[in-house]
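One structure is given below, encoded as structure tokens.
The values are calculated or read from the model by the stated rules, or taken from the named source; none is laboratory data. Treat the numbers as computed from the prediction; the structure is a model and nothing was measured. Note that we place each Cβ from the backbone using ideal geometry, even for glycine, and neighbour counts take in every protein chain shown. All accessible areas refer to the heavy atoms of the entire protein, side chains included, with ligands and DNA or RNA removed. Shrake-Rupley method; radii C 1.70, N 1.55, O 1.52, S 1.80 Å.
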Amino acid sequence: MASTASNASKLEKPVSLIWGCELNEQNKTVVFKVSDDDKSEHQLALRTVCLGDKAKDEFHVVEIVPQEDGSDAQPVPIATLKPSILPMATMVGIELTPPITFRLKAGTGPVYISGQHIALEEDYSWAEEEVEEEVEEEEEEDPESPPKAIKRPAASKKAGQAKKKKMDKDEEESSEEDSLAKKGKGAGRGRKPAAKK
């Protein structure tokens, strides 16, 4: 039945939020993470890394620090900014799975990181559609329900002929009235006005 196919193809509904943080001298690292209780899939798509208006004219290096899994992974720089040269970098195609640690490796900031937080939540709307389909099937299978469309009895031949004769008679009368009206109008135009004495 259709219910097993629906359960196997469970869909996910994306929810998108704007995310941002600030890195500076006092706050050199920021961690983007979600709660352990949340079972949804999460992604962070980076959009921009830019310097604040009070940033000094020095190099600001922003990097991503890998999670400590016992591997020898090194931090990955994602932007090197300087107000006089490049105050902002646009990120394209960088989609990360949390937890993610951003660190200001060099510079005093402020550096602003913005992105799009996408959560793929389980979509249970298929369950509601399945219930509606079952209700419709039950309605179709009910043999005791009366037919919804009631047909009118067909008109007899005599009634149809009488109606046709009446329509023909009405058409003849209207055409005679039209021809009389035309004659009356034409006769009045051809006469000459009587001379005054």
| query | What FRET efficiency would be calculated for the residue pair VAL15, VAL61, taking the C-beta separation as r and a Förster radius of 25 Å, to the nearest 0.05? | reply | 0.15
| said: On a 1.4 Å probe surface of the protein chains, which of HIS117, HIS60 comes out largest in accessible area, and what is the full order? | reply: HIS117, HIS60
| remark: Counting only protein heavy atoms and leaving out ligands, DNA and RNA, the solvent-accessible surface of LYS56 at a 1.4 Å probe, in Å² to the nearest 10, equals 120
| note | If amide H atoms are modeled at 1.01 Å from N in the peptide plane, then the residues at a separation of 5 or more from ILE94, or on another chain, having amide H under 5 Å from its own are LEU46
| request: Using the Karplus curve 6.51 cos²θ - 1.76 cosθ + 1.60 with θ = phi - 60°, work out ³J(HN,Hα) for each residue of segment 99-114 in order, rounded to whole Hz, and write x for Gly and Pro. | output: x, 10, 10, 9, 9, 8, 6, 9, x, 10, x, x, 10, 10, 10, 10
| said: Please list 3J(HN,Hα) in residue order for segment 32-37, calculated via the Karplus relation 6.51 cos²θ - 1.76 cosθ + 1.60 where θ = phi - 60°; whole Hz, with x for glycine and proline. | reply: 9, 8, 10, 5, 5, 6
| message | If DNA, RNA and ligands are ignored and the probe is 1.4 Å, what is the ranking of PHE59, PHE32 by accessible area, most exposed first? | response | PHE59, PHE32
| request: With all protein chains present, calculate the accessible area of ILE85 using a 1.4 Å probe and round the result to the nearest 10 Å². | output: 120
| query | With respect to the cross-link table entries LYS39/LYS105; LYS33/LYS54; LYS33/LYS82; LYS54/LYS82, which display a Cα-Cα separation exceeding 23 Å? | reply | LYS39/LYS105; LYS33/LYS54; LYS33/LYS82
| field | Extension reserve of the ASP53-ARG103 stretch, reckoned as 0.36 nm per residue once the Cα distance is removed | value | 16.1 nm
